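Below is one structure, written out as structure tokens; comments come after it.
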Amino acid sequence: MFERTIKGAREAADAGQIDEWVHAFLSTGLGANPPMAVGLRKQQRWWIGPVAVPITTVDENLWAGSGDGVSHHPRGVGGTRCGHHGR
């Protein structure tokens with residue numbers, strides 16, 4: 001199992017296992033969002049990450065959800081924004 005860190009995400013991506021890392025990250029621990037983990041597994045996904053992007057470039061609509069019944073709201077610590085887009 002890969003660590004729940006940026007380094008762990010990069011190692012998982014290098015090993016072709018980023019989907020498993022995302023699922024594990026969202027399923028347990030600080031910032032877990034099990035409904036989102038389940039929702040992401042409902043169809044095949046193609047991942048290109050982890051990637052670093054300035055938070056100012058993230059469209060506010062990404063945080064509101066897609067209307068599919070899956071919670072997409074970020075869960076951060078101390079008011080920080082974080083989620084499946086990377087940490």
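The values are calculated or read from the model by the stated rules, or taken from the named source; none is laboratory data. Because the structure is a prediction, the values reported are computed rather than measured. So basically every Cβ, Gly included, is an ideal-geometry build from the backbone, and we count neighbours across all protein chains shown.
Details
- Qualifying positions in region 23-38 - within 16 Å of Ala9 (Cα to Cα) and touching a Leu at 6+ places or on another chain (Cβ under 9 Å): His23, Leu26, Ala32, Ala37
- The residues listed here are Glu11, Glu20, Glu60; of these, the one that is modelled with pLDDT under 90 and of a type in the set (Asp, Glu) is Glu60.
- Note on region 1-65: enclosed helices (runs of 4 or more DSSP H) holding 3 or more residues that are in contact with a helix residue (DSSP H, G or I) (Cβ under 7 Å, 6 or more places away or on another chain) and among the small types (Gly, Ala, Ser) are 6-14.
- Enumeration of residues in region 12-36 that are touching a Ser or Thr at 6+ places or on another chain (Cβ under 9 Å) and either surrounded by 16 or more Cβ atoms within 10 Å (Cβ to Cβ) or within 16 Å of Trp47 (Cβ to Cβ) (or both): Asn33, Met36
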